[in-house]
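A quick write-up on the structure given underneath.
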Amino acid sequence: MSGVQEMQEMSVAVAFAGMKRAVEVMFRAGCPDCRAHFELRASALLLAIGGSSKTTFYSFTCPECGSSVRKPAGERIVELLTGGGVRTLRLHSAG
């Protein structure tokens, strides 16, 4: 990468620093209880990242039936949710 190209990329990063997302990301989800399918805003989801794949999950409340839903989140799901602005909670192991 040339010095000019690096400078241009850094200028863009600086120019957009602190700006909010122009378009809110929507996520498709489904409820295992009522089987409804819907879209949720990032603010309706919570991502919990634990020390292992068994303790990493996302959760939301079904807008149709009100059930609390908790689903496992692998690496790709974690990447998509964090990139889309979902609140993230880091769980710490007792040790």
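Here's the picture: a label point sits 7 Å out from the Cα of L89 along the beta-carbon direction, and within segment 23-54 the residues with their amide nitrogen under 13 Å of it are 45-50.
What Kirkwood Rh does segment 21-95 have if only Cα atoms enter the pairwise 1/r average? Answer in Å. Spell out each step's value before the answer.
Working: mean 1/r = 0.0774 Å⁻¹.
It is 12.9 Å.
Extending 7 Å from Cα along the Cβ direction at S53 and again at V23 yields two label points whose distance is 3.2 nm.
Every read-out reported here was derived from the displayed coordinates using simple, explicitly stated rules and does not represent laboratory data. As the structure is a computational prediction, the values presented were derived from the model and not from experiment. Methodologically, a virtual Cβ is constructed for each residue, glycine included, from the backbone with ideal geometry; neighbour enumeration extends over all protein chains shown.
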